[in-house]
Amino acid sequence: ACTGIENIDEAITLLEQNNWDLVAAINGVIPQENGILQSEYGGETLHGPAYGPTSHSTAASSAPSSSSAFRHVVPSRQIVERQPRMLDFRVEYRDRNVDVVLEDSSTVGDIKHILENELQIPASKMLLKGWKTGDVDDSTVLKSLHLPKNNSLYVLTPDLPPPSSSHSGALQESLNQNFMLIVTHREVQREYNLNFSGSSTIQEVKRNVYDLTSIPVRHQLWEGWPSSATDDSMTLAVSGLTFPCHRLTVGRRSSPVQTREQSEEQCTDVHMVSDSDGDDFEDATEFGVDDGEMFGVASSALRKSPMMPENAENEGDALLQFTAEFSSRYGDCHPVYFIGSLEAAFQEAFYGKARDRKLLAIYLHHDESVLTNVFCSQMLCAESIVSYLSQNFITWAWDMTKEANRARFLTMCTRHFGSVVAQTIRTQKTDQFPLFLIIMGKRSSNEVLNVIQGNTTVDELMMRLMAAMEIFSAQQQEDIKDEDEREARENVKREQDEAYRISLEADRAKREAQEREMAEQFRLEQIRKEQEEEREAIRLSLEQSLPPEPKEESTESVSKLRIRTPSGEFFERRFLASSKLQVVFDFVASKGYPWEEYKLLGTFPRRDVTQLDPNKSLLEVKLYPQETLFLEAKE
């Protein structure tokens, strides 16, 4: 009767929110200018004007019988002066909670001024969130919001840097959350489901929608943005969007030649539009549009630089331009593209050692597909995807937008993968791009494990990459096992070959040593023979030069010498006493004992005869009439 609420579930919810206080529940939903209903059980009175047949207002306007029903439930009451109603607010900011109590006649700005003193934050930098209604500014009177007695709010400060020591847990959690934006294109009645992280900005959303709808950012007319989203540089986490899903509507703004009054009339119920004026043509290039698009002359060719030059002679140069353009569009966090030909990418991925091999991922880009921008920015540039690709894949890319580049890739595809795969790619429609091909190298051919189309999600893309890795890992383990066995066989063969080589070397060295020894023996034998021949010649010469042995009955004095050799043999000879000692030396030498090698010793007294003067006579050296001498080798 008081509130016009007929839904029992809604009524019970309101009562639970007010701890089953009927008066507080009613005061929380009826217009405050009608006064405050007090409980009659405690003898309290009703403040405000009397409720009569004409006293029902906005809250009861939807129920025509509410005023009469109210008259039957509440009899005439005493009317007294209205007392101020106090409201309690608990305001959360980062790791602090501030309790604020003030009258319902205060404004939102009064709360900010109290928080400014408590939190030491300028009121102009605060965004006060948590209101149950959307249109709230600093001049809004609290009683016009129909608030319950106890309220919870929170403060955001997107323009202030986060504290160095600790960051707000709630804000950080919001930045890490993913928001699902359901964007309806008004003119074609088509919906797009877009996933964005909380750290993405409103400007990034608008640019992505531009790629999907071909409506330049400055021509976009939006509905559904929260009132707090007043700046395109604001992140989604602090913009006030409904989590996890928020609906938006976008359309094309009318031609810029229309009058400002017409534009304002058409935008009266639009919550948020691009904050650029139509006259700022010099800023159009900042959003990727040109003057032709400002006046409705949209051209996809003028919108972006090509990802890859047409008819590029060198694939490496084409990939360099592709990587630079990709970075300029989607940022530096993207897969590391292999710079070089497709054959070189095969060589890098498949033809190294089994432990070092990787899968080959081929990214096929198409600028005219509506899925390209979302796939690149949301899936291909996701940190998890980039990290997984860099660890397990060699990533190669090609632009299929130009017909010449498309034909060139299909030719390469036919040569490397066969006509079936080439035909599969040839039949793909533009809106099915971009494509992501997962290639695994085998002994005799290259196998296409998966063809991933652009209409996928990060989780699905990661799952398909991981599934391909499972297949590849099983094959890689077999290849590693085969390679290890082959290397073991080769090692045994190398060891055998090395042992055989060492054995041959040893045999050759032994043979060469024997040959050298034989040669040396032969040489020494030759020297020995030559020396013996020389010695024999000398001996014969000395023997022939000796004077004849005197006879025993000779009348001249004769000395008889008996000489003992080192072997114990004796030989005797007679010499004239007048003969020189040298004749004895020559005789001994003629017997094979040259005086250079042997010395001739006397017995009594013991003396070395070879030390005597060889020119003296035997008589002078006292070797007369007879003497026994013996030979001894010199040291």
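Looking at the range 139-160 only, could you name the residues that are open to solvent by less than 30 Å² (accessible area, probe 1.4 Å), touching a Leu at 6+ places or on another chain (Cβ under 8 Å) and either closer than 15 Å to residue 94 by Cα or in a helix (DSSP H, G or I) (or both)? Full working, then the answer.
Start the filter on the range 139-160 by keeping residues that are open to solvent by less than 30 Å² (accessible area, probe 1.4 Å), which leaves 140, 142, 145, 147, 151, 153, 155-157.
Filter once more, so that each one left must be touching a Leu at 6+ places or on another chain (Cβ under 8 Å): 142, 147, 151, 153, 155-157.
Within the range 139-160, 142, 153, 155, 156, 157 meet the criteria.
Quick grid of which residues meet (1) in contact with a Lys or Arg (Cβ under 8 Å, 6 or more places away or on another chain); (2) on the phi > 0 side of the Ramachandran plot; (3) in the same structural domain as residue 369 (by the TED database):
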position	(1), (2), (3)
434	no, no, yes
445	no, no, yes
455	no, no, yes
458	no, no, yes
475	yes, no, yes
487	no, no, no
494	no, no, no
507	no, no, no
513	no, no, no
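Does residue 390 satisfy the criteria of being part of a helix (DSSP H, G or I), under 30 Å from residue 312 (Cα atoms) and open to solvent by less than 70 Å² (accessible area, probe 1.4 Å)? Give the steps one after another, and end with the answer.
Numbers: part of a helix (DSSP H, G or I): yes; under 30 Å from residue 312 (Cα atoms): yes; open to solvent by less than 70 Å² (accessible area, probe 1.4 Å): yes.
Spelling it out, residue 390 is indeed part of a helix (DSSP H, G or I), under 30 Å from residue 312 (Cα atoms) and open to solvent by less than 70 Å² (accessible area, probe 1.4 Å).
Applying a threshold of 7 Å to beta carbon distances and a minimum spacing of six or more residues, or different chains, the list of pairs starting in the range 9-31 at a residue that is surrounded by 13 or more Cβ atoms within 10 Å (Cβ to Cβ) and ending at one that is hydroxyl-bearing (Ser, Thr, Tyr) and assigned to a helix (DSSP H, G or I) reads 31/58.
Checking the stated criteria, residue 419 turns out to be without any contact (Cβ under 8 Å) to a residue 12 or more places away in the chain, over 28 Å from the mean Cα position of the chain (by Cα) and within 21 Å of residue 398 (Cα to Cα).
Restricting the range 475-496 to residues that are open to solvent by less than 80 Å² (accessible area, probe 1.4 Å) and either at pLDDT 90 or above or touching a Gly at 6+ places or on another chain (Cβ under 7 Å) (or both) leaves a set whose member that is farthest from residue 393 (Cα to Cα) is 492.
Of the residues 507, 497, 479, only one is in contact (Cβ under 8 Å) with a residue 24 or more places away in the chain, out of contact with any Phe, Trp or Tyr (no Cβ under 8 Å at 6 or more places or on another chain), over 26 Å from residue 631 (Cβ atoms) and assigned to a helix (DSSP H, G or I); which? Spell out how you get there, then give the answer.
On the way: 507 fails: in contact (Cβ under 8 Å) with a residue 24 or more places away in the chain; 497 fails: in contact (Cβ under 8 Å) with a residue 24 or more places away in the chain.
Matching residue, one of 507, 497, 479: 479.
Scanning the range 452-465 for residues that are open to solvent by 40 Å² or more (accessible area, probe 1.4 Å) and under 19 Å from residue 441 (Cβ atoms) yields a single hit, 464. Of the residues examined, residue 231 is not one that is modelled with pLDDT under 85, among the charged types (D, E, K, R) and farther than 18 Å from residue 157 by Cβ.
Annotation: residue 243 fulfils all but one of (1) open to solvent by 30 Å² or more (accessible area, probe 1.4 Å); (2) more than 30 Å from residue 153 (Cβ to Cβ); (3) in contact with a Phe, Trp or Tyr (Cβ under 7 Å, 6 or more places away or on another chain); the unmet one is (2). Any residue at all in the range 326-334 that's surrounded by fewer than 21 Cβ atoms within 10 Å (Cβ to Cβ) and in contact with a Lys or Arg (Cβ under 8 Å, 6 or more places away or on another chain)? Yes: one or more hits.
Contact annotation: residue pairs with Cβ atoms under 6 Å, 6 or more positions apart or on different chains, pairing a residue in the range 373-392 that is closer than 15 Å to residue 196 by Cα with a partner that is outside any helix (DSSP H, G or I) and of a type outside the set (Val, Ile, Thr), are 375/434; 375/454; 378/195; 381/333; 381/334. Yes or no: residue 617 of a type in the set (Ser, Thr, Tyr), in contact with an Asp or Glu (Cβ under 6 Å, 6 or more places away or on another chain) and either farther than 16 Å from residue 568 by Cα or open to solvent by 40 Å² or more (accessible area, probe 1.4 Å) (or both)? No; evaluated as a whole, the condition is false for this residue. Of the numbered criteria (1) part of a helix (DSSP H, G or I); (2) among the β-branched types (Val, Ile, Thr); (3) surrounded by 19 or more Cβ atoms within 10 Å (Cβ to Cβ), the one residue 362 fails is (1).
Of the listed requirements (1) part of a helix (DSSP H, G or I); (2) in contact (Cβ under 8 Å) with a residue 60 or more places away in the chain; (3) in contact with a strand residue (DSSP E or B) (Cβ under 9 Å, 6 or more places away or on another chain), residue 563 misses just one: (1).
For the range 562-595, the set of residues classified as among the charged types (D, E, K, R) and either under 17 Å from residue 543 (Cα atoms) or open to solvent by less than 60 Å² (accessible area, probe 1.4 Å) (or both) consists of 572, 573, 574, 580, 586, 591, listed by residue number. Quick one: in the range 305-331, which of the residues that are in a helix (DSSP H, G or I) and of a type in the set (Gly, Ala, Ser) is nearest to residue 376 (Cα to Cα)? Per the criteria, the residue is 327. Which condition number in (1) in contact with a Phe, Trp or Tyr (Cβ under 9 Å, 6 or more places away or on another chain); (2) not in a helix (DSSP H, G or I) is the one that residue 622 fails? Of (1) in contact with a Phe, Trp or Tyr (Cβ under 9 Å, 6 or more places away or on another chain); (2) not in a helix (DSSP H, G or I), only one is false for residue 622: (1).
Exactly one residue out of 472, 436 is modelled with pLDDT of 85 or more and closer than 19 Å to residue 411 by Cα, and it is 436.
Somewhere in the range 100-116, is a residue at pLDDT below 85 and not in a loop (DSSP other than H, G, I, E, B)?
Applying the first criterion (at pLDDT below 85) to the range 100-116 yields none.
No; the residues of the range 100-116 include none that is at pLDDT below 85 and not in a loop (DSSP other than H, G, I, E, B).
Condition first: small (Gly, Ala, Ser) and open to solvent by 60 Å² or more (accessible area, probe 1.4 Å). Now tell me which residues in the range 534-556 satisfy that. Those that are small (Gly, Ala, Ser) and open to solvent by 60 Å² or more (accessible area, probe 1.4 Å): 541, 545.
Being modelled with pLDDT of 90 or more and assigned to a strand (DSSP E or B) is a condition met by at least one residue of the range 577-586.
Screening residue 421 against (1) open to solvent by less than 20 Å² (accessible area, probe 1.4 Å); (2) at pLDDT below 90; (3) aliphatic (A, V, I, L, M) leaves a single unmet condition, (1).
The values are calculated or read from the model by the stated rules, or taken from the named source; none is laboratory data. Everything numeric here is computed off the predicted structure, so don't read it as measured data. All Cβ positions, glycine included, derive from the backbone under ideal geometry; neighbour counts span all protein chains shown. These area figures cover heavy atoms from the full protein model, side chains too; ligands, DNA and RNA do not enter into them. Shrake-Rupley method; radii C 1.70, N 1.55, O 1.52, S 1.80 Å.
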